[in-house]
Amino acid sequence: MSQHTAQKKHTSEQQVVIHPSILYAGNPVALITTLNSNGETNISPMSSVWELGERLVLGITSTSQAYDNLQHEGECVVNFPSSDLWEQVERLARTTGRNPVPEQKKAIGYYFEPDKFSCTDFTPIEAEDVKPLRIAECPLQFEARLLKLHQPASLSQDDPVAFGIFEMQVTRVHAHATIVQAGTNHIDTAAWSPLLYVFRHYFGTGPDLGRTFKAEA
Ligand SMILES: Cc1cc2nc3c(=O)[nH]c(=O)nc-3n(C[C@H](O)[C@H](O)[C@H](O)COP(=O)(O)O)c2cc1C
């Protein structure tokens, strides 16, 4: 008998073409801390985040304060909250550090918040390589420097490309000891439960299903 679990076969008749308004298939949530021009730290929830090697890429709308801060200062901390922190993240969801609030954001209920930490129970702590503060409660925090700001392609002449692709280099990784395999550089994946953003709903992860052949631990 095969060791593999039998997979149900899908045929094209069982599939439908849909037109979802958003394409958030499921990414980790990150809280990006950046420095405002007054030296205070701003917090911006993001899910357009991916990593490869030492690089990390962020997709940030140009109406965000994070866009301006990162463009000017070139530094951030990418703080990854655990799934139990989702309500803290949601407290930040309607806020922007930009004043005045851009019209399209005001129309859907965003408001200006100069002190994002005050909306949450989060604790600010110093970073080591960069000026923006870290969020102590986030179990994983990457300090990062801007390598390049890429301009996305326009889909058509009428497409006002409204975001930037920020290519960052991760310079330092901080992790809570509780999610690190003691005495190693490996994350204990049984202990680390990232918060995921799936079609605008928050999720945690389930149990470990298995490892890829390259996994070191
Ligand atoms: C869970 C979540 C994920 C988000 N992901 C992104 C994202 O990937 N890119 C983006 O530009 N905005 C994203 N947003 C919206 C920003 O958080 C929002 O524009 C916010 O006002 C940014 O704050 P700032 O203007 O102070 O930088 C997300 C919001 C939430 C709640």
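Read-outs throughout are calculated quantities, based only on the coordinates presented, and are distinct from any laboratory measurement. Quick caveat: nothing in here was measured; it's all calculated off a predicted structure. So basically every Cβ, Gly included, is an ideal-geometry build from the backbone, and we count neighbours across all protein chains shown.
For this structure, a couple of remarks:
- Local charge for residue 193 was computed over the other residues whose Cβ lies under 13 Å away, with Lys and Arg +1 and Asp and Glu -1, and equals -3.
- Reach of residue 116 by Cα under 25 Å, taken over lysines that are not fewer than 8 positions away in the same chain: 105, 106, 131
- Electrostatic bookkeeping for residue 81 treats Lys and Arg as +1 and Asp and Glu as -1; over the other residues with beta carbon under 11 Å from its beta carbon, the sum is -4.
- Structure remark: mean-square fluctuation, Gaussian network model of the chain, C-alpha springs under 10 Å; the largest value among 50, 192, 86 belongs to 50.
- Residue-wise HN-Hα couplings along the stretch 40-45, as the Karplus relation 6.51 cos²θ - 1.76 cosθ + 1.60 with θ = phi - 60° gives them from phi, are 7, 8, 9, 10, 10, x Hz; Gly and Pro carry x.
- Separation of the stretch 108-123 from the stretch 22-66 is 16 Å, based on Cα centroids.
- Magnitude of the charge dipole, the chain, Cβ model with Lys/Arg +1 and Asp/Glu -1, debye to 20: 520 debye
- R0 of 25 Å, Cβ-Cβ distance residue 7-residue 201: FRET efficiency to nearest 0.05: 0.45
- The stretch 14-68 - Rg over Rh from alpha carbon coordinates, Kirkwood radius: 1.12
- Calculated [222 nm] ellipticity per residue, helices only, for the chain: -2000 deg cm²/dmol; basis is -39500 (n - 2.57) per DSSP H run with n ≥ 4, divided by all residues, nearest 500.
- Neighbour count of at most 15 Cβ within 10 Å plus DSSP loop: longest trypsin sites (Lys or Arg not before Pro)-free window in the chain: 95-199
- Quotient of Cα Rg and 2.2 N^0.38 Å for the chain, N being how many residues it contains: 1.13
- In a fully extended conformation the segment linking residue 72 and residue 190 would gain 38.6 nm over its present Cα-Cα distance, using 0.36 nm per residue.
- Calculated FRET value between residue 91 and residue 176, using beta carbons and R₀ = 22 Å, to 0.05: 0.55
- Computed lengthening from residue 213 to residue 162, 0.36 nm per intervening residue step minus Cα-Cα distance: 14.5 nm
- Candidate aspartates and glutamates - alpha carbon under 20 Å from residue 214, same-chain residues fewer than 8 apart omitted: 51, 54, 188
- Charge context of residue 174, other residues only, Cβ under 9 angstrom, K/R +1, D/E -1: 0
- Across 57, 161, 173, mean-square fluctuation computed from a Gaussian network of the chain (C-alpha pairs under 10 Å connected) peaks at 161.
- Cα-Cα P(r), the stretch 140-217, percent of pairs per 10 Å interval: 14, 26, 34, 19, 7, 0
- Sparsely packed GluC sites (Glu not before Pro) within the stretch 1-63, loop by DSSP, other Cβ within 10 Å at most 13: 54
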